[in-house]
1. How many angstrom lie between the C-alpha centres of region 113-140 and region 7-67?
2. How much of the accessible area of region 103-254, in percent, comes from carbon and sulfur atoms when a 1.4 Å probe is used?
3. In what order, largest first, do SER137, SER42, SER155, SER247 sit by accessible area if the probe radius is 1.4 Å?
4. Given a 1.4 Å probe and every protein chain left where it sits, what share in percent of the accessible area of region 1-96 is carbon and sulfur?
5. In region 1-102, which chymotrypsin sites (Phe, Trp or Tyr not before Pro) are in a loop and have at most 14 other Cβ atoms within 10 Å, using DSSP for the loop call?
6. Between LEU225, LEU43, LEU168, where does the largest GNM mean-square fluctuation fall for the chain, given springs only between Cα atoms within less than 10 Å?
7. Which residue, PRO212, ALA197, ILE222, has the largest displacement toward the positive end of the dipole of region 182-225 when charges sit on each Cβ (Lys, Arg +1; Asp, Glu -1)?
8. In bins 5 Å wide, starting from 0, what share of all Cα pairs of region 5-236 does each bin hold, as a percent?
Amino acid sequence: MSQKTILVTGATAGFGAAFARRFVADGHRVIATGRRLERLESLAAELGPNLLPAALDVTDHAAVANFLSTIPQAWREIEVLINNAGLALGLAPAWSANLAHWDQMIATNISGLVHVTRAILPGMVERNSGTIINIGSVAGTYPYPGGHVYGSTKSFVSHFSLNLRADLLGKNIRVTSLEPGLVGGSEFSNVRFEGDATRAAAVYAGTQTLTPEDMAETAAWIISLPAHMNINRIEIMPIAQASAALSISRAAST
Ligand code: NDP
Ligand code: 8X3
């Protein structure tokens, strides 16, 4: 196995921290980014010199554009980019949802992801080598009440990934949209419900969810595949989840 330099966005919690732990354990070097630098420094203390902590808010377009120039030269040839930073905010119906929440989801899950991609991709093209894993969601394929903008940002992630492949045809650069269902053990629902721990815990109550480590296992598999193999999209649910959402309102009068 050759050592790769891997950039993970949103490595302060959940999937991102699990990616960092798994990739370092597998012998790779990880640039762990996010807004909460103290979390990244704790990861560095835990994982040693193969973890480079670097604060990066993906919605700060100037910081993203300058990012490579701010890290040591020896870490700038990114072989794997994991576009993981993302969030859902709220579950209110579209007519009463908080517009600031919608803006923040779009700024993070769409604009942030494309700006990071645009900053890292030219180096991959120059070297004719690289793998990008974009973290989508089953919410990008299956609608659910209150999912409106969050789900649509993840539809964007899936289709952007396929479109990148169209541009990259003929180059040795892989792009995958990794689309999980219910994953516990992260801060996702705490963020969605703005710190309401009881409501967040209820999302995972009485069921066996996927885990951030399952996501890391999947990403480790994707990057370990022979270079000619590209996983375009991969959708994963826990056995306890299925799509069964088509519904009919019977309340209308005839
Ligand atoms: P967490 O809330 O645990 O982690 C989200 C990460 O994103 C944090 O590290 C956070 O870091 C980072 N982040 C948020 N906003 C920004 C920003 N502006 N700039 C940089 N980093 C940011 O959630 P998960 O680990 O569960 O989610 C990871 C990804 O997986 C997300 O894209 C999510 O949509 C997706 N997903 C999650 C599922 C689940 O059920 N948990 C299922 C399907 C997809 P910080 O706050 O320090 O900046
Ligand atoms: C996270 C999964 O179903 O909560 O993307 O939207 S879901």
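1. After rounding, the separation between the Cα centres reads 16 Å.
2. Values: 4430 of 7980 Å².
On region 103-254, the fraction of accessible area on carbon and sulfur atoms equals 55 percent.
3. On the way: SER137 10, SER42 75, SER155 45, SER247 105 Å².
The ranking, largest first, comes out as SER247, SER42, SER155, SER137.
4. On the way: 2170 of 4220 Å².
Exposed carbon and sulfur together represent 51 percent of the surface.
5. Working: sites: PHE15, PHE19, PHE23, PHE67, TRP75, TRP95, TRP102; in loops: TRP95.
Taking region 1-102 and a limit of 14 other Cβ atoms within 10 Å, the loop chymotrypsin sites (Phe, Trp or Tyr not before Pro) found are TRP95.
6. Of the options given, LEU225 has the highest mean-square fluctuation.
7. Checking the options against the dipole of region 182-225, the answer is ALA197.
8. 1, 7, 14, 19, 21, 18, 11, 5, 2, 0
The values are calculated or read from the model by the stated rules, or taken from the named source; none is laboratory data. Just so we're clear, the structure is a prediction, and the values are computed from it rather than from any experiment. Note: ideal-geometry Cβ built from the backbone for every residue, glycine included; neighbour counts use all protein chains shown. We work out accessible area using only protein heavy atoms, side chains counted, and drop any ligands, DNA or RNA first. Shrake-Rupley method; radii C 1.70, N 1.55, O 1.52, S 1.80 Å.
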